[in-house]
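The values are calculated or read from the model by the stated rules, or taken from the named source; none is laboratory data. Every value quoted in this text rests on a predicted model; they were computed, and no experiment measured them. Virtual Cβ from ideal backbone geometry, glycine too; neighbours counted across all protein chains shown.
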Amino acid sequence: MTATLTPTALPPLTRRSFLKISTVVGGGLALGLYETAFDPSAAAQRGPAKDVSPKAFITIAPTGIVTIKAKNAEIGQGMKTLLPMLIAEELDVDWANVRVEQADLDDTYGQQSSGGSMSTPTNWEPQRRVGAAARAMLVAAAANRWSCPAEEITTDHGFLMHGSDHKLSYGEVAAEAAKLSPPPFASLKLKDPKNFRIIGKSQTNVDMPSITTGKPLFGIDVKVPGMVYAVIQRCPVFAGKVKSFNEAEIAKLPGVRKTIVIAGMLPDYNVPNPVVGSEPGLEPGIAIIADTWWQAQSARKQLKVDWDYGPGAAQNSDDFAKRAQAMLAAAPGNTIRTDGDFDAAIKSSAKVIEATYSYPFIAHAPLEPMGSTAHMKDGKLEIWTTSQTPGSGRNSVSKALGVAPENITIHMCRVGGAFGRRLGNDYMVEAAYLAKNVDAPVKLLWAREDDMTHDSYRPGGFHGLKAGLDAKGNIVALRQHLVTYGDGLKFASSAGIDGNEFPAGRVPNYGLHTTAMPLTLRTGPLRAPGANALCWVGGAFLDEVAHASGKDPLDLNLELLAATPIPGKGGRPDTLNPTRLAGVLKLVAEKSNWRNRKSTPGHGFGIGCYYCHLGYFAEVAEVTVDAQGKVKVVKVWAAGDVGSQIINPAAAENMVMGSIIDGMSEMNQEITLDKGHVQQTNYFAHPIIRMNQAPVIEISWNITDFPPTGLGEPALPPIIPAITNAIFAATNKRVRTLPLSRSGFSFA
């Protein structure tokens with residue numbers, strides 16, 4: 001028997017997944033979804049999760065215009081467009097009739113962070129179900145009006161149809177649908193991908209009109225009535241404190257309203273071997289509040305501060321390098337993984353290859369500096385911010401100020417670049433702290449120099465590597481010793497290495513060891529954290545091994561991927577799918593005509609591959625190198641496998657191109673310390689790739705039968721070994737130290 005879908009006919013809902021329908025102003029429809037929280041480290045697999053409260057995602061006006069809330073922060077990766085695309089597809093509306101709004105932080109949306117390339121895999125199905133449930137409610141409303149079975153109603157481009165006699169727009173039944181109970185998620189049938197009309201088609205970024213016309217959109221654009229402006233002078237040495245400053249003189253300067261000494265909320269770094277967290281707390285400094293930011297910044301230049309530099313003043317980059325070399329020559333401090341008997345295998349090897357690789361600290365250097373706007377009134381705090389993790393930021397603010405989370409409102413602004421820097425929320429805590437001490441809304445804005453000298457840096461590292469080959473050129477032994485920062489097995493943020501780092505588990509006699517040295521400096525994840533350095537070290541050294549064995553580097557990688565894996569000993573399951581990584585290697589080899597490419601003096605080709613953040617990429621770089629060591633990256637071929645669906649093709653290509661250019665920039669950059677002072681203060685000393693240095697980039701996709709995954713990070717790591725391997729092919733000189741300038745090269 002077919003029954004008409006009515007509120008009383010619907011089965012009861014579970015707390016774990018349901019939609020709440022409510023009428024909104026104008027007779028529209030509003031929908032909310034229970035979503036589960038996701039753990040990126042669980043590789044996008046859903047496990048037991050805390051339920052969240054319902055919140056409206058969709059509003060359908062009587063005119064048929066559909067407004068969809070984008071719940072995650074837009075940091076340039078396209079989520080403000082992609083997530084609404086998922087909802088709109090299953091809702092079965094015309095994308096031209098969709099309007100997108102950025103959601104504020106609200107627990108009822110579920111997880112709202114943007115990082116780790118996880119927004120796509122964690123939202124691929126849940127956001128589609130939001131749209132499917134909304135469509136079901138509209139169908140039920142039409143079935144009630146027409147007194148026909150819901151199963152006989154079809155939808156198309158925002159219209160409901162029953163045969164040739166009945167047709168209604170969504171807007172005409174939105175108010176009726178709002179009165180209905182929703183269907184259980186288990187009953188919802190999602191579209192067959194072959195019927196997608198929005199997903200898989202290139203859609204223009206919804207913010208593009210505002211960006212191209214210069215309309216206020218970013219955090220730096222926020223203006224609130226009665227707002228004052230703030231800058232903070234932090235100690236040139238991390239964690240240094242204020243002893244005294246010329247307070248009376250600063251107070252007399254034009255526009256200055258107030259100065260505030262921030263004592264800071266940091267751990268005690270005077271203890272031996274400190275390990276600084278990526279978000280250690282409120283850093284000490286002097287805040288200047290003024291009528292305009294320029295007045296505050298101008299006053300800051302007149303500061304005369306007597307600093308207590310603290311233990312960080314003893315740090316020098318040259319000392320780190322010397323100490324690392326001594327540690328590499330000594331026995332490792334820790335063992336991460338061992339397979340077989342490396343010592344015995346290396347002694348019997350027909351050929352031994354050894355090399356030392358090193359890479360520096362790097363700043364994130366996004367175009368939009370850090371900052372937030374905050375206003376505290378009647379015990380409640382309102383913040384406009386550019387955080388990648390607004391929920392964590394709210395918790396940090398709550399802890400620092402003693403304000404209950406429910407009394408903190410977070411408005412999420414579009415972000416002018418993040419690359420992992422805004423996973424931390426120090427700037428949000430600073431703005432909130434100032435708002436608590438100033439009777440007005442406060443806009444805190446960092447200067448470029450603040451951004452460069454008070455970052456959470458990508459940590460540097462030093463690697464000693466040794467490999468043994470048998471008489472046939474096969475790898476029989478490989479050992480890696482990483483000297484990094486931390487204390488014992490407690491590494492500085494993003495400084496460690498995992499026991500499954502490729503080619504672990506594919507070499508019969510293998511050792512991975514670490515030694516840590518203390519660091520009083522903040523470090524943290526940079527785009528493709530860990531992978532952006534480890535892929536270069538591993539991929540470049542395997543290229544050395546391939547040449548020593550007389551094998552094509554492509555073949556060596558494919559042989560390793562085809563080897564029977566040794567059970568993981570790295571503390572977590574090895575999630576690498578060797579078939580998928582081999583697939584992109586073969587694809588990029590085909591597209592670049594790798595087998596027929598011959599490197600000649602001054603003109604070389606290199607290949608690199610990697611798996612990270614659930615994505616698989618292989619890249620081939622073509623370079624020319626002149627007699628002065630000027631490197632021109634002529635072309636890059638990239639092949640990626642991020643699952644069964646490229647959701648927004650144009651945005652996906654943009655992400656890959658941006659990743660490649662970003663990776664090239666990292667090859668130029670370094671942060672160095674002298675007596676604890678960061679020496680690089682702006683882009684002239686920490687350069688990014690210029691437009692005329694960007695190569696031609698050709699992108700290919702290997703579509704596989706796996707759920708779609710993210711693109712913020714996996715395309716970046718392989719470009720670094722691909723380029724350095726190509727430089728070797730063109731010059732017969734190895735790049736074992738980054739930035740390129742320390743190896744005698746630079747980008748033309």
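Among what's in segment 526-538 and is buried (at least 23 other Cβ atoms within 10 Å of the Cβ) and in a loop (DSSP other than H, G, I, E, B), pick the residue that is nearest to the chain's Cα centre (by Cα).
So, considering only residues that are buried (at least 23 other Cβ atoms within 10 Å of the Cβ) and in a loop (DSSP other than H, G, I, E, B), the one nearest to the chain's Cα centre (by Cα) is R527.
Quick one: in segment 600-621, which of the residues that are crowded, with 18+ Cβ neighbours inside 10 Å and not in a strand (DSSP E or B) is farthest from the chain's Cα centre (by Cα)?
L614
Before we move on, is S659 among the polar types (S, T, N, Q), free of Cβ contacts under 8 Å to residues at least 60 places away in the same chain and part of a helix (DSSP H, G or I)?
no
If a residue has to be closer than 16 Å to D104 by Cα and in contact (Cβ under 8 Å) with a residue 12 or more places away in the chain to count, how many in segment 396-410 make the cut? Walk me through it before giving the result.
So in segment 396-410, the residues closer than 16 Å to D104 by Cα come out as 405-410.
Narrowing the set further to residues that are in contact (Cβ under 8 Å) with a residue 12 or more places away in the chain leaves 407-410.
The total comes to 4.
Any idea which residue in segment 253-285 is modelled with the lowest pLDDT, counting only those that are of a type in the set (A, V, I, L, M) and in contact with a Lys or Arg (Cβ under 8 Å, 6 or more places away or on another chain)?
V275
Name the residues in segment 384-408 that are closer than 21 Å to P366 by Cα and part of a strand (DSSP E or B), would you?
Matches in segment 384-408: W384, T385.
So, in segment 463-478, of the ones that are assigned to a loop (DSSP other than H, G, I, E, B) and of a type outside the set (S, T, N, Q), which residue ends up nearest to P332 (Cα to Cα)?
Taking the candidates together, the pick is D470.
Quick check on segment 551-583: of everything there that is of a type in the set (V, I, T) and either assigned to a loop (DSSP other than H, G, I, E, B) or in contact with a Cys (Cβ under 8 Å, 6 or more places away or on another chain) (or both), which residue is surrounded by the fewest Cβ atoms within 10 Å (Cβ to Cβ)? It would help to see each step written out before you state the result.
Narrowing segment 551-583 to residues of a type in the set (V, I, T): 564, 566, 575, 579.
Then drop every residue that is not either assigned to a loop (DSSP other than H, G, I, E, B) or in contact with a Cys (Cβ under 8 Å, 6 or more places away or on another chain) (or both), which leaves 564, 566, 575.
Working: T564: 7, I566: 16, T575: 12.
Ranking the candidates gives T564 first.
Yes or no, residue by residue, for (1) at pLDDT below 95; (2) in contact with a Gly (Cβ under 9 Å, 6 or more places away or on another chain); (3) farther than 16 Å from Y485 by Cα:
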{"residue": "L303", "(1), (2), (3)": "no, no, yes"}
{"residue": "G310", "(1), (2), (3)": "yes, yes, yes"}
{"residue": "Q315", "(1), (2), (3)": "no, yes, no"}
{"residue": "L328", "(1), (2), (3)": "no, yes, no"}
{"residue": "N334", "(1), (2), (3)": "no, yes, no"}
{"residue": "A344", "(1), (2), (3)": "no, no, yes"}
{"residue": "A350", "(1), (2), (3)": "no, yes, yes"}
{"residue": "I353", "(1), (2), (3)": "no, yes, yes"}
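When the residues of segment 77-102 are narrowed to those that are over 25 Å from D192 (Cα atoms) and either in the same structural domain as E406 (by TED's automatic domain parsing) or surrounded by fewer than 22 Cβ atoms within 10 Å (Cβ to Cβ) (or both), which ends up nearest to the chain's Cα centre (by Cα)?
This residue is Q102.
Look at segment 121-177 and say how many of its residues are among the charged types (D, E, K, R) and farther than 21 Å from T81 by Cβ.
Looking only at that region, the number is 8.
Yes/no per residue for (1) under 27 Å from I353 (Cα atoms); (2) outside the structural domain of S114 (by TED's automatic domain parsing); (3) touching a residue at least 24 places away in the same chain (Cβ under 8 Å):
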| position | (1), (2), (3) |
| --- | --- |
| T681 | no, yes, yes |
| I688 | no, yes, yes |
| N692 | no, yes, no |
| W701 | no, yes, yes |
| P721 | yes, yes, yes |
| K733 | yes, yes, no |
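Quick one: is L521 in contact with a His (Cβ under 9 Å, 6 or more places away or on another chain), of a type outside the set (V, I, T), buried (at least 20 other Cβ atoms within 10 Å of the Cβ) and at negative phi?
Details: in contact with a His (Cβ under 9 Å, 6 or more places away or on another chain): no; of a type outside the set (V, I, T): yes; buried (at least 20 other Cβ atoms within 10 Å of the Cβ): yes; at negative phi: yes.
Here the answer is no, as L521 does not meet what is asked.
Here is a list: A400, A404, A363. Which entry is surrounded by fewer than 21 Cβ atoms within 10 Å (Cβ to Cβ), aliphatic (A, V, I, L, M) and modelled with pLDDT of 95 or more? I'd like the intermediate steps shown before the answer.
Working: A400 fails: modelled with pLDDT of 95 or more; A363 fails: surrounded by fewer than 21 Cβ atoms within 10 Å (Cβ to Cβ).
Of A400, A404, A363, the one residue that is surrounded by fewer than 21 Cβ atoms within 10 Å (Cβ to Cβ), aliphatic (A, V, I, L, M) and modelled with pLDDT of 95 or more is A404.
Within segment 63-75, track down each residue that is surrounded by fewer than 24 Cβ atoms within 10 Å (Cβ to Cβ) and part of a loop (DSSP other than H, G, I, E, B).
T63, G64, I65
Residue pairs, Cβ under 7 Å, 6 or more apart or interchain, first in segment 736-748 and without any contact (Cβ under 8 Å) to a residue 40 or more places away in the chain and surrounded by 15 or more Cβ atoms within 10 Å (Cβ to Cβ), second charged (D, E, K, R) and outside any strand (DSSP E or B). List them.
Close Cβ pairs satisfying both conditions: S743/R736.
Would you mention how many residues in segment 129-184 are surrounded by 21 or more Cβ atoms within 10 Å (Cβ to Cβ) and among the aromatic types (F, W, Y)?
1
Do we have any residue at all in segment 493-500 that's under 25 Å from the mean Cα position of the chain (by Cα) and more than 20 Å from L716 (Cβ to Cβ)?
Yes, because at least one residue in segment 493-500 is under 25 Å from the mean Cα position of the chain (by Cα) and more than 20 Å from L716 (Cβ to Cβ).
Which condition from (1) outside any loop (DSSP other than H, G, I, E, B); (2) in contact (Cβ under 8 Å) with a residue 24 or more places away in the chain; (3) under 21 Å from L465 (Cβ atoms); (4) touching a helix residue (DSSP H, G or I) at 6+ places or on another chain (Cβ under 9 Å) is the one that A589 breaks?
(3)
On the given criteria, is G629 over 22 Å from D543 (Cβ atoms) and surrounded by fewer than 21 Cβ atoms within 10 Å (Cβ to Cβ)?
no
Take the residues in segment 667-685 that are within 17 Å of F747 (Cβ to Cβ) and out of contact with any helix residue (DSSP H, G or I) (no Cβ under 6 Å at 6 or more places or on another chain), then tell me which one is surrounded by the fewest Cβ atoms within 10 Å (Cβ to Cβ).
Checked segment 667-685; the qualifying residue surrounded by the fewest Cβ atoms within 10 Å (Cβ to Cβ) is F684.
Kindly check whether there is at least one residue in segment 428-447 that is free of Cβ contacts under 8 Å to residues at least 24 places away in the same chain and surrounded by fewer than 24 Cβ atoms within 10 Å (Cβ to Cβ).
We begin by selecting, within segment 428-447, every residue free of Cβ contacts under 8 Å to residues at least 24 places away in the same chain; these are 439.
Still in the running and surrounded by fewer than 24 Cβ atoms within 10 Å (Cβ to Cβ): 439.
Yes, segment 428-447 contains at least one residue that is free of Cβ contacts under 8 Å to residues at least 24 places away in the same chain and surrounded by fewer than 24 Cβ atoms within 10 Å (Cβ to Cβ).
Looking at segment 330-360, which of its residues are part of a loop (DSSP other than H, G, I, E, B) and surrounded by 21 or more Cβ atoms within 10 Å (Cβ to Cβ)?
In the first step, residues of segment 330-360 are kept if they are part of a loop (DSSP other than H, G, I, E, B); the result is 330-333, 340-341, 348-350, 360.
Correct list: P360 only.
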